[in-house]
Every structure is written in structure tokens, then in C-alpha cells.
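Nothing in this text is a laboratory measurement; each read-out follows from the coordinates by a stated rule. Only a predicted model underlies this, so the values are computations on that prediction, with no experimental measurement involved.
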Amino acid sequence: MICLLGPSYREMHLAEQVANNLKELAQQVTPGDIVSMYGIRKAMGISIPSPVIDNSFIDLTEDLEEPKKISTTEFFPY
């Protein structure tokens, strides 16, 4: 069994200082400077439909050869 100790007073104090410094820095810029709108929406689970473009569908079956038929006797010659 692994026993993990909680953070020391020094660690808690340093973490609080880091959090406060980040908060002060974040207050000096716009939210878009910190994270993209896409990132915010993704974190919130909001998806925006992509714009509809005419002829946006591509036929991936064009210019394909018919699949070659393989007889089962090639694999199972019994």
C-alpha cells in the first residue's frame, strides 16, 4: 500500500502564490489571448456546425476498380 502525504505548508504557500500571479496576469489580457474560442466551446461541449458549402461532398468511389473476386478454393483447397 502506498501512503501519500499531503502537501506541506511551503508547497501550499507556493501554489497559492502561483495561482495569484496567474490570476493577475489573466486580468491584464482578453480571454482570447489566453485560449481560443474553439477551446472554450470544446471544453463546454458546444459544437458549431460547419458552414454549408455547395458541392462539399466528394465521391470517393469514383475511378475505383471493381474488387477482384477470389475463389475460396485458393485458401481452402479441400
From phi via Karplus (6.51, -1.76, 1.60), per-residue ³J(HN,Hα) for the range 30-41 in Hz, x at Gly/Pro: 7, x, x, 6, 9, 8, 6, 4, 4, x, 5, 5
Semi-axis lengths, Å, the range 8-48, gyration tensor of Cα atoms, sqrt of 5 times eigenvalues: 29, 14, 5
What does the extension gain come out to for HIS13 and MET1, with contour length at 0.36 nm per residue minus their alpha carbon separation? 1.4 nm
